[in-house]
1. Sort out which residues of the range 393-432 are under 17 Å from ASP469 (Cα atoms) and touching a Leu at 6+ places or on another chain (Cβ under 8 Å), and write them in order of number.
2. With the requirement that a residue be in contact (Cβ under 8 Å) with a residue 60 or more places away in the chain and aromatic (Phe, Trp, Tyr), what does the range 504-524 give you?
3. Answer yes or no: is there a residue in the range 529-542 that is within 30 Å of HIS191 (Cα to Cα) and without any contact (Cβ under 8 Å) to a residue 24 or more places away in the chain.
4. Of all residues in the range 28-61, how many are of a type outside the set (D, E, K, R), under 24 Å from the mean Cα position of the chain (by Cα) and either at pLDDT 95 or above or part of a loop (DSSP other than H, G, I, E, B) (or both)?
5. Could you check the range 370-389 and list, in sequence order, the residues that are of a type in the set (A, V, I, L, M), assigned to a strand (DSSP E or B) and surrounded by fewer than 24 Cβ atoms within 10 Å (Cβ to Cβ)?
6. Touching a Ser or Thr at 6+ places or on another chain (Cβ under 7 Å), in contact (Cβ under 8 Å) with a residue 40 or more places away in the chain and closer than 18 Å to THR317 by Cα: is that true of SER372 in this structure?
7. Could you look through the range 217-268, keep only residues that are hydroxyl-bearing (Ser, Thr, Tyr) and part of a loop (DSSP other than H, G, I, E, B), and pick out the one that is nearest to LEU187 (Cα to Cα)?
8. Could you pull out the residue among THR505, THR529 that is buried (at least 21 other Cβ atoms within 10 Å of the Cβ) and not assigned by TED's automatic domain parsing to the domain that holds ARG435?
Amino acid sequence: MSDVLTAPYGAWRSLITSDVIVAETIGLTDVLLDGDDIYWIETRPQEAGRYVAVRRDPMGAISEVMPATFNARTRVHEYGGGAVVVDDSVIFAANFGDQRLYRQDGRGGPRPLTSEGFRYADGRIDRRRRRWIGVREEHRDPNPQVVVNTIVAVDIEGARPEQVLVTGSDFYASPRLSPDGTRLAWLSWNHPNMPWVGTELWVAEITADGTLQQPTKVAGGPAESIFQPEWSPDGNLYFISDRSGWWNLYRTLDGHDEPLYPMAAEFGQPQWNFGMSTYAFVSADQLICAYTEGGLGKLASLDVARHRLLPLDLPYTDYSAVRAHGSRVVFRAGSPTSPASIVLLDFNTQQSQVLRRATELAEQPNIRAYFSVPQAIDFPTEGGLTAHALYYPPSNPQYHAPADDLPPLVVKTHGGPTAAASSVLDFGIQFWTSRGIAVLDVNYGGSTGYGRAYRDRLHQQWGIVDVDDCINAAKYLIGEHKVDSARIVITGGSAGGYTTLAALTFRDFFQAGGSHYGVSDTEALVRDTHKFESRYLDWLIGPYPSQQALYKERSPIYHVERLSVPVIFFQGEEDKIVPPNQTALMVEALQRKKIPVGYWLFAGEQHGFRQGENIKRALDAELYFYAVLVFRTGLYF
């Protein structure tokens, strides 16, 4: 131990720098299977955040499948997902630049099938009728809330006009064709609901001319969330419902809904993106399924005939994008010591292999030595309730702190707010912990992974329950003598940015904070944001405009006189979800009060940062801001 240095928490040098993170890390999203080929989407900060469709062939060769100018990203619902579908080696993909749907086959590069003014997502190929069926979003009005959503059919040769199949609801998702091509299932919902509050599952017969007849509601309603309808190989319809208080698996059989394996676990996820999948069919009676129990993810096989669930012994705690083709199962997974990865599992042998990692940094022993492994904590909060968080203690093999020192704490508030803190290795968190700064990632009331009742804690309590839980989580660590009560900051993005600003404005607890494209004016959000979230605040705060006074009461921008600690802001110039003017107004108000404030406005960025240089700047600037104003330690990058 003679080579271990003694230095205060927060003043440790680290090999995990912003340059290393940006240079070595990509994002991994959708997984697609086409025969023996495996596809996935990579998001590359090094290429200005481009979404790249990648194929792995049966020999293991990995290659890009679209030109370098193509960005395979849709903006339906603004959050996108489900931009690509592949059928018999023919690729159908939405391009970010013009949002048109393109086809690419062996005859050359991508060619457009649709015109501008529309966006496309979540498609499936109807081979019998030679068409793409998916969600279309019409954007021909300058008002971002005047948008028409439908399910349409697009001729895969571009020879026939688009055909509207389903219309009349505010939103649609998951159009799914039965194996024999005679029926279509889909999800729909209406304002003010979000898909994790209430959706409906519909089925209709497909007629000879390709239109639908006799649409029938199978499940769901305004207080029941349905997730991921899928047809089994033998033609039965499966889906996930939270009618029991937990997102569990069901199937329709002889006109009745049959629960497959009731348990206090979440098989579903909040549908922020299209194309999400937590289960897939290995055979007509055998599923592979992912679920969350106690805040951590598991993967299991489900024998439908015997109602038997068998968890698989895999080294991961988070699963998504589950697909299967025969005995081959492919999914996205990660753990506290493993980054997000594309994993191939042989269902018969239970052997798995990693096909692609978001970063290879985790494979370097000198980097792995720095890892802080999170501790799941349950802590008391308001009303005698319990809430949850992941605590990351400082960790650096080169340093230890003086015996009487306690580390600074960064409290992280996830977005959504209907989302959850991930247990997957996050170098953005390790960036802090390797410098001697503890991190607390809070799953405040309203987070997913703990059942419907836990999600519903945030109903009309946004800005109260989430703030209470973040403060109580930090107080719990203070009571356990794990962190320094005089050096605690809070940071978050989007809805997490709102929680951050609300905590700093309405409570006297944190010493500083960071808002990444956060909401400061809830009333402006109602007026200015896009259609998908334009009524979300009815559920989070109350109906607007009848509750206008409550909106002003909960908006930090109207109470800047109560804010007296430093804040740093990060904002995308092209953000359509939280427009930049909200951040600008907050910054100006703090400048007038002469409170230390930082402001980074990134050109070319939307809601969330995808360009490597901007990710680097945000990491470094936030560390510098806190180090100088709150942590009061030497600054080492």
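1. Within the range 393-432, LEU409, VAL410, VAL411, LYS412, PRO417, THR418, ALA421 qualify.
2. The answer is PHE510, TYR517.
3. no
4. Of the residues in that region, 15 qualify.
5. Result: ALA376, ILE377.
6. When the stated conditions are applied, SER372 passes them.
7. In this case the residue turns out to be SER225.
8. Exactly one residue qualifies, and that residue is THR529.
The values are calculated or read from the model by the stated rules, or taken from the named source; none is laboratory data. Here the structure is a predicted model, which means the values were calculated and not measured. Cβ: placed from backbone, ideal geometry, glycine included. Neighbour counts: every protein chain shown.
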